[in-house]
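A short worksheet on the structure shown next.
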Amino acid sequence: MPDSEKLPTIESLRGIDSASESKHILPYDKQKTEAGFDHELQTRLSEAPDGGIRAWLAVFATALVTFSTFGFLNSWGIFQAYYEGNLLLHTPPSTIAWIGSTQYALTYLPALATGRMFDLGYFKIPFFAASCVLVMCTFLTAECTQFWQLFLTQGVGLGASCGFLFSPAIVIVSQWFSKRRGLALSTTTVGAALGSILFPVAAQNLIPLIGFRWTIRVFGFMLTATMGMANMFLKRRLPPTKVRGGLFNLEAFRNKAYSTYCVSGIMILLGLYTELTYISVSAVTIGVSKGFSFYIIAIANAASAFGRLSSGLLGDKIGALNTMVIYTAITGITTVAWPFAKDESQLIAIAIIHGFSIGAYISLYSAPAVAMGRMEDAGRRVGMFMSLIGFGGIAGPPISGAICTATGGFIDTGYYAGGSIIFGVALLLVAQYLHLGRLWGKF
């Protein structure tokens, strides 16, 4: 086994010479942990290997998680369009949008609990339970015929299960990587991009052949396979820690940079998913065929795969937060520009640029939160951040839908959503200044 893959046990770090222990090195989630780690020991435990089979298996498993969570959820636009035109024909678009926004929000809100649970060592059982709920709710969605049924299964059930899956997986990857953390995190989100391509294209081709219900069941079988592998391969590197405080650590907000970073996330999430939610609907209004409108989401998500990888590579060179500022500013601009597209070619061009840029924020937003404190409290810190920005995710698409309904078009919707994103980007720069003491620097 390569040296980069050999992780020392707690006893070996304390200098205990045991031949049997040196031959059988177990993952930390299978070892008994102790309450009294000294500072030097904790520092050595926190040195990430930045590679090796176990580390890259964690990346692969997390990519499967993002495929099954964000890859599925980012395809909400196809459901919005289908429900508006078929299943929920007499339900207002802004009401239907609550299903999608609840999905997005609940992907973030449970992170407050999951982050703290992860720090304390509760990972495998909650992760497996959430995987089962995700699969079950997908199959139940196929049986729904009314708004309240879809809201409970697809909105609440799918969203909450994704929330219990995503946050711990991201923290595990951060445990295995340090210098190459940006690349590792962006690689995991390629799974989300692939899912965001596959699900819309599959839906567009399968619904006419086998109907909506069996299409959703096919998705359920796919998620069973991906989450089964994720449960096998995803393992934590560091042992649980007993950090002071409960679910919510108010001391973290004494760090002005962290507090500002959380507010910026709320503002960005208020507008981040608006274009992907309504681009298929807006495409039909400018003359794009209903069949092709589904593919526009897939095109945007295909572009995001390249954006996610490039942002990870760039993030390791100039810093995750700097990279997020550049890419997310482009996202805000394309959100403002999207309603002004007059034909199919213009809409496709905007979708490609928007898709390329939007992946950076989702890929990298956990990295600054991890860096703003100690690694042993990283799960709770990332969890608090994700829970707070979830409020932006739940409010954003319905507000956009209400603006669209009130104005009879998407132009004001674009101004609202794009303006929120750009204001959030400005706050990212403020957070960086508060953290580094200067406006630009690697962070």
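The values are calculated or read from the model by the stated rules, or taken from the named source; none is laboratory data. All values reported here derive from a predicted model rather than from experimental measurement. Cβ: placed from backbone, ideal geometry, glycine included. Neighbour counts: every protein chain shown. Heads up: the accessible areas ignore ligands, DNA and RNA and are worked out on the full protein's heavy atoms, side chains in. Shrake-Rupley method; radii C 1.70, N 1.55, O 1.52, S 1.80 Å.
Picking from ALA55, ALA406, ALA193, which is most flexible by a Gaussian network model of the chain using Cα springs under 10 Å? Checking each option, the largest mean-square fluctuation is seen for ALA406. Could you work out the local net charge near THR405, counting Lys and Arg as +1, Asp and Glu as -1, over the other residues with Cβ closer than 13 Å to its Cβ? In short, -2. The angle separating the long axis of helix 290-318 from the principal Cα axis of greatest extent in the chain is about 30 degrees.
Pairs with C-alpha atoms separated by more than 32 Å, drawn from the list LYS124/LYS179; LYS124/LYS442; LYS290/LYS317; LYS256/LYS317, are LYS124/LYS442; LYS290/LYS317.
Other residues lying with their Cβ under 14 Å from the Cβ of ASN255 contribute a combined charge of +3, Lys and Arg counting +1, Asp and Glu -1. Summary of the geometry: region 377-424 and region 271-293, compared by the centres of their Cα atoms, lie 18 Å apart.
In this structure GLU275 has an accessible area near 0 Å², from a 1.4 Å probe over the protein heavy atoms. Couplings 3J(HN,Hα) for region 381-392, derived from phi with the Karplus relation 6.51 cos²θ - 1.76 cosθ + 1.60 (θ = phi - 60°), are 5, 5, x, 5, 4, 5, 5, 5, 6, x, 5, x Hz, where x marks Gly and Pro. Please work out whether region 140-267 counts as rounded, prolate or oblate from its C-alpha gyration tensor, where a ≥ b ≥ c are the square roots of the eigenvalues and a/c under 1.5 means rounded, while otherwise a/b larger than b/c means prolate and anything else oblate? Taking the square roots of the gyration eigenvalues as a ≥ b ≥ c, region 140-267 is prolate.
According to the square roots a ≥ b ≥ c of the eigenvalues of the Cα gyration tensor, what is the shape class of region 287-443, taking rounded for a/c under 1.5, prolate for a/b larger than b/c otherwise, and oblate for the remainder? Can you show the working numbers first?
Values: a/c = 2.11, a/b = 1.70, b/c = 1.24.
In terms of gyration-tensor shape, prolate.
Decide, for region 83-159, between rounded, prolate and oblate: order the square roots of the alpha carbon gyration tensor eigenvalues as a ≥ b ≥ c, take rounded if a/c falls under 1.5, and otherwise choose prolate if a/b is larger than b/c, else oblate. Walk me through the numbers before you get to the answer.
Values: a/c = 4.93, a/b = 2.07, b/c = 2.38.
Oblate shape, in that a/c is at least 1.5 and b/c is the bigger or equal ratio.
Just checking the listed ones, LEU64, LEU313, LEU250: in the Gaussian network model of the chain with Cα springs under 10 Å, the one fluctuating most is LEU250. Using a Gaussian network model on the chain with a 10 Å cutoff between Cα atoms, which of VAL135, VAL173, VAL288 fluctuates the most? Comparing VAL135, VAL173, VAL288 in the GNM, the peak value goes to VAL288. To the nearest ten degrees, helix 124-141 and the longest principal axis of the Cα atoms of the chain are 10 degrees apart.
3J(HN,Hα) couplings calculated from phi for region 400-407 with the Karplus curve 6.51 cos²θ - 1.76 cosθ + 1.60 (θ = phi - 60°) are, in sequence order, 4, x, 5, 5, 4, 5, 6, 9 Hz; Gly and Pro show x. Note that region 91-107 has calculated 3J(HN,Hα) couplings of 9, x, x, 5, 6, 4, 4, 5, 5, x, 5, 5, 4, 4, 5, 6, 5 Hz, one per residue in order, obtained from phi through the Karplus relation 6.51 cos²θ - 1.76 cosθ + 1.60 (θ = phi - 60°); glycine and proline are x.
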